[in-house]
Structures are given as C-alpha cells and as structure tokens.
Amino acid sequence: MSIEIEAVSKSFGTFAALKDVSLKVPSGELVALLGPSGSGKTSLLRIIAGLESPDSGRILFDGEEATRRQVQERQVGFVFQHYALFRHMTVFDNIAFGLTVKPRKSRPGKQEIRDRVHNLLKLIQLENLADRYPAQLSGGQRQRVALARALAVEPQVLLLDEPFGALDAKVRLELRRWLRRLHDEIHVTSVFVTHDQEEALEVADRIVVMNGGRIEQQGTPSEVYDRPATPFVYDFLGSVNLFHGRVHEGTAQMAGFRVSSPENASAHDAPAVGYVRSHDIAIERDNAGSGGIKAEVRYLLSVGAMVRADLALNDGDRSIEAELPREEAERLKLKVGDHVYARPRKMRVFVEDYQI
Amino acid sequence: MVGEGLHKIERKGGAVTEPAWVRSLLIAIALGFLALFLVLPLAAVFTQALEKGWEAYLAALKEPDTISAIRLTLITAAVCVPLNLFFGIVAAWAIAKFSFPGKSFLITLIDLPFSVSPVVSGLIYVLIFGLQGWLGPWLQEHDIKIIFAAPGIILATIFVTFPFIARELIPLMESQGREEEEAALTLGANGLQTFFRVTFPNIKWGILYGVILCNARAMGEFGAVSVVSGHVRGATNTIPLQVEILYNEYSYAAAFAVASLLALLALVTLAVKTVSEWEMRQTIAAAETER
C-alpha cells in the first residue's frame, strides 16, 4: 500500500513538530525517516499510524483519504522503540493478540491462530521461547517479538519507531540486516524512524532527512549521501570538514585554494561554506597536483581498515579530519608531526545563509 | 549464618551504619511503641469481647439492632465500593493517560476528602439535603428521605472514601505509560478490549489494594456518618455507631463484641494489603526495567 502525506502540520502547544510536510512512500518500499531528535520524524510516523492527528493536511493510503480513519482501521503494524510488549502475556499470547481481538466474524479459528503464531515464531527464530514472558527475554528478542506481533495481523504498512535504538551495537547490526532481509521477503510498505545515519544508509531503499519539522532532502541512500542538497544534510550524514570563503560566478575561493562551483554560477562575491567529507580529503607528500593545503599531522588513529588523520592547517588555528585506507597511510609512511598537503577531492559549496 | 549476614550489611553500609547497639535500641523502641499503641488495644478488644465467653459474644452479635447495623454497613459498602471503583478507574485513566487543561485541579479535587474533616463532610450533606437545607423542602414534598436515612449515609461515605482507589491507581498507571495501550490499538483492539486485556491486568493489584482500603474505610467511617445518620436504632446505625451506643450504655462486652468485627476486618485488610502491595511493587519494578 502506498502512503501519501499532503501538507501535514502538527504542533504540540507552542512547539511546531511538523511544518507543512509532504511525502510519498511508494508501495513495497522501505523508507527511513532520518533526523536528529526533535526533527519531527516520530510525530510524522505516529500521524501515519493514527496515534496522533495532524492539525492540518491529509494522509492518503493507496490514494484514499485516511486522515480521519481510526487507528484500528488503518491496518498498520507499529513497532515501538521500547517494544511495548504486553508484560503479563507470554510471547505466544503477545503475537496472537492482534488475531484474538478481531471481531468474531473475521477471527481465525484457534488452530489457525496457533499455526500462524508458530510460523511467525519460526520467522523470528524464537520457536522455543513461546511460553516465556517479555521480562525473561533479551532486548533483541523482545524487539523481534514486537515485530512478529505487528506482522501477525498482516498489516498493509509497517511502521517502526527507532526499532533498534535501545539495543547494543552488535545486536543492532544483526537485527537491522535481518529486517532488510525480512523486507526483501515480505515486501510490506515500511517506514522506520532513526537518528542513526548508518542504519538508514544500510537498510533503507529511500531516505527522508528531516530537520526542524521539515524535510531537508529525500532520495536513495547514495543520492542523499553523495549529493546532499543542504548544508544540514551534509553535516548530518557522515563526518564533514568545513571551509569558509567566498564564491564568485562559479568559482569558490577558500583559504589557501580555489575550486570550481558550477552550481553557484549566479553568485556574486557571496560568503560561502565548502563541505568536504573526511574520506574526500587526499593526503599527499608533495604538492604536485597543486590545489593542496599545507598541513601538519597532529594525530593518527587507526579504526579498523581506515586511518583517521587530524591535520592542522598551515595557518595553525584550524584543523581538519581526513580518512584514508590503511594501505594508503602505510604507503605514505604517515607519522605524527609530518608536513603534508591536503587536497579536497570533492567539495560542495553552499552560499552562506544570512539567516544563521 | 546470621552473623555473616550482619557482617555483610555492615560492610555494605560502610561509614553510615550505626553501631549494633544503636540499631537494636531503635528497633526495640519502634517495636515497643507498636506493641503499646497498636497490638495491645487490638488484643484488648478481643479479650474484652470474649470476657463473658463465646455464648455472650455470639448473643451480642445476634441482637436485632446489631444485625441491622451490620446489614446497613454491608449495604453502604456494597454501594460505595463499586461506585468509587468506577469513578476511581475513570479518573485515574484520564489523569494518567491523557493530558488536558485542568488536570492538576482535578488531582487536587480528588484529594479534597482527605483534607476535609469527616464531620464537615457529613455537615455538607445536611446542609444540602437536610430539612433546613437547599433541597430539604422539595425532598419532603416528594417524600424522599436522604438525611437520617440510608441514602445520606451512603452519600457521606462515598464522599469520604472517594480518593482511595484513584490515588492508588494514578501513580501505578503513570509509571506504565501509554505504549501498551497504543500497541493494542494498532493491533485492532477496541477500547473495551484494550482496557480488559491490556490495562486491567497491569493494574489489578493496585485496584485490589484500593478496593480494600476503600472498603475498610467505608465500613469503619464514623464522623461523617454520625452527622447524617440520626442514630435511629435498628434503622440508621452502622457498626461504628452501634459500638458507640452500646458503649455509652455501659454494655461493654457487647460493644467490644461488635467492635471486634471491625478489628477482624482490619486484620483481613492488612493481610490483603500486604499481598497486593508486594504484587504491585513487582509490577512497578517490571514496568521500570522495561523502560
């Protein structure tokens, strides 16, 4: 089922959680709502579920008006950050709940309920824990039960609110890969909220980046990561270095070097900020290609297969972070205190916003 | 074994732990105080009640006025407790699960009966329904008796016992949050199914605790009931009022026999309260570990 959100606004008291947000989620896609806390992502998810109602705007399911539809009629599966399992029920009863509350006409028989719950238990690989209570499960197990419970009613849409937020790093990684595989199997339209960019980049078909109650950018993970539309998206996705300077008719003059910036061809000597990702900074021993900035290696930190270098620029009062593969660092024989040249391979220049 | 345990506690407490003799002294004082002011009077009630033997005890309870007092007390509790149970759950639900303007005012209002003297609570009803009161003449015209009759007693008791259940449930429901109910709704459950299958199991021990306290107070209330009852023998006396009458007539054995009923009620209340408090702590602890 596809979801359309049309010009939705929502305020809580004086706080505007959503400001005129419009979004389309095509049927069968797995979409991430990504943003910092307070960006409105959870409010949007709860409005789609019908747990909150928008102050203005419309929600359409498969092109049909659903704004006033009750939660129960929306056929959404909702997975909460803190699981919200029924604590007094066993795993089996938790998963069966959605089936047992159906009106008598459409309620499946006892045997059918049992079969369906056991299939779901198989799916979440917890077949032998059917009689446990939520308090007896680990965080990852609870979240899988919560997911099975939501799937039991065969929802048209699956909504997940920070589904892995309360789990430790390793379980988190396993579970999100599992969610991706699961989605590839059952293809239910899914929206999940996260503040973890890595999670969004890895799991989602599309990412919607939100900030301050608005959508900053939406696109595939590579679109959002490689071509951030706004400085905020640049800042939020991946580590990034900032350079200040001015831009004039398509050329940006930064401290120590200049780059071409065709998207700012109409700018006239405007103050500008250049964004360069850490892994887009090349470190060289000599300034052969020119355009390099003189820098001194201040710290070196090995993180797995990558080496992170903290570089003090020649003016001394600023430092940037470069990330390079370990072999590259070994080839350059980088040591703390070395004098090198840093060359931004790719820079995105934004004319500075006077509002900030 | 015991020494080992003590040793452990001492180490754990470190510098703040008092010497053993101070602790023993404090415990002794507390126990002595309890024995003197709580256990001794309770024991006295039963010894006095049984002073003239079982026969006299049972005879005192079988006396028609006493039976009528017991009946009225039971009726009062049977009306008050369910009503307050309903109001208490509704109020606690509204306060714990929704935010709305005037919420803190509502909480204060629920506490009102706690802060008002029971005598005043009784007088309020005399003022409203009494012959000289606002509705008195109209009620007399239509031959409806409220003051100096069972309805007045029930009204005054409802007022006095109103906060017990709501006050028990509000913190419990607040600690549990709204997520389980929301989960039930997204799974297609309607309001009643959500209440009976999700909310109720989580608060049932709190409800039992509240009901027990409410019931004990409804049966034992003296002040408010005394004002509205009129003390008509065999008609508008509840157990506490009957005890007072018997006592004032110097029939001590009978007075204590009837009083022993209330004392027994207190003991049962205490037992159920202990169990439900323990269960409730488990529920709250479970709610907190899940956060």
Step through the residues of segment A:324-339 one at a time and calculate ³J(HN,Hα) from phi using the Karplus curve (6.51 cos²θ - 1.76 cosθ + 1.60, θ = phi - 60°), rounding each to whole Hz and writing x for Gly and Pro.
9, x, 4, 4, 4, 5, 5, 4, 7, 6, 5, 9, 5, x, 5, 9
Accessible surface of residue A:180 - all protein chains present, 1.4 Å probe, nearest 10 Å²
50 Å²
Largest-first ranking of A:1, A:210 by accessible area, probe 1.4 Å, whole protein assembly kept, is A:1, A:210
Among B:263, B:94, B:35, residue whose mean-square fluctuation peaks in a GNM of chain B (springs only between Cα atoms under 10 Å)
B:35
Which value, in square angstrom to the nearest 100, describes the accessible area buried between chains A and B on both sides, using a 1.4 angstrom probe?
2200 Å²
Looking at chain A as a GNM with Cα springs under 10 Å, which of A:78, A:243, A:192 has the largest mean-square fluctuation?
A:243
Charge sum, other residues only, whose C-beta stays under 9 Å from residue A:338's C-beta, Lys/Arg counted +1 and Asp/Glu -1
+2
Find the accessible area per residue for the protein assembly as shown; the probe is 1.4 Å, ligands and nucleic acids are left out, and the unit is Å².
50 Å²
Express in Å², to the nearest 10, the accessible area of residue B:46 obtained by rolling a 1.4 Å probe over the protein heavy atoms while all chains stay in place.
50 Å²
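In whole percent, and with a 1.4 Å probe on the protein chains, what portion of the accessible area of chain A is carbon and sulfur?
Carbon and sulfur together cover 47 percent of it.
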Under 16 Å from a label point 7 Å along Cα→Cβ of residue A:230: give me every residue in segment A:5-23 with its amide N that close.
A:7-10, A:16-23
What ³J(HN,Hα) values, in whole Hz, does the Karplus curve 6.51 cos²θ - 1.76 cosθ + 1.60 give for segment A:190-197 when θ = phi - 60°, with x put for Gly and Pro?
10, 10, 10, 9, 8, 10, 9, 4
In sequence order, what are the phi-derived ³J(HN,Hα) couplings for segment B:180-195 according to the Karplus relation 6.51 cos²θ - 1.76 cosθ + 1.60 with θ = phi - 60°, rounded to whole Hz, with x for glycine and proline?
5, 5, 5, 4, 4, 5, 5, 7, x, 6, 8, x, 5, 4, 4, 5
Please give me the summed charge of the neighbours of residue A:329: other residues whose Cβ is under 15 Å from its Cβ, Lys and Arg +1, Asp and Glu -1.
-1
Determine the order of B:71, A:142, A:176, A:298 by accessible area, beginning with the largest, at a probe radius of 1.4 Å.
B:71, A:298, A:142, A:176
With every protein chain left in place, what is the accessible area of residue A:333 in Å² (1.4 Å probe, nearest 10)?
150 Å²
Give A:170/A:333; A:19/A:170; B:97/B:145; A:122/A:170; A:10/A:105 a once-over and call out the pairs whose C-alpha atoms are over 29 Å from each other.
A:170/A:333; A:19/A:170; B:97/B:145; A:10/A:105
Once the Cα atoms of the protein assembly as shown are picked out, what are the Rg and Dmax in Å?
35.8, 116
Which aspartates and glutamates have a Cα less than 15 Å from the Cα of residue B:204, not counting those fewer than 8 places away in the same chain?
B:168, B:174, B:277, B:279
Kindly provide the helix-only [θ] at 222 nm of chain B, computed as the sum of -39,500 (n - 2.57) over DSSP H runs of four or more divided by all residues, to the nearest 500 deg cm²/dmol?
-25000 deg cm²/dmol
Any idea what log10 I(q)/I(0) is at q = 0.26 Å⁻¹ for segment B:108-198, Debye with uniform C-alpha scatterers and no solvent?
-1.21
Ignoring any ligand, DNA or RNA, what whole percent of the accessible area of chain B comes from carbon and sulfur when the probe is 1.4 angstrom?
72 percent
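For peptide B:200-213, what's the mean number of Cβ atoms from other chains within 10 Å of each residue's Cβ?
Partner Cβ neighbours, averaged per residue: 1.
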For the full complex of protein chains and a 1.4 angstrom probe, list B:86, B:256 by accessible area with the highest value first.
B:86, B:256
Computed over the Cα atoms of segment A:45-125, what is the convex hull's projected area averaged over all directions, in nm²?
7.2 nm²
How well do other chains shield peptide A:97-103, expressed as the mean number of their Cβ atoms within 10 Å of each residue Cβ?
5
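The values are calculated or read from the model by the stated rules, or taken from the named source; none is laboratory data. These numbers were taken from a predicted model, which means no experiment stands behind them. Heads up, the Cβs are rebuilt from the backbone with ideal geometry, glycines too, and the neighbour counts pull from every protein chain shown. Ligands, DNA and RNA are excluded from the accessible area calculation, which covers all protein heavy atoms including side chains. Shrake-Rupley method; radii C 1.70, N 1.55, O 1.52, S 1.80 Å.
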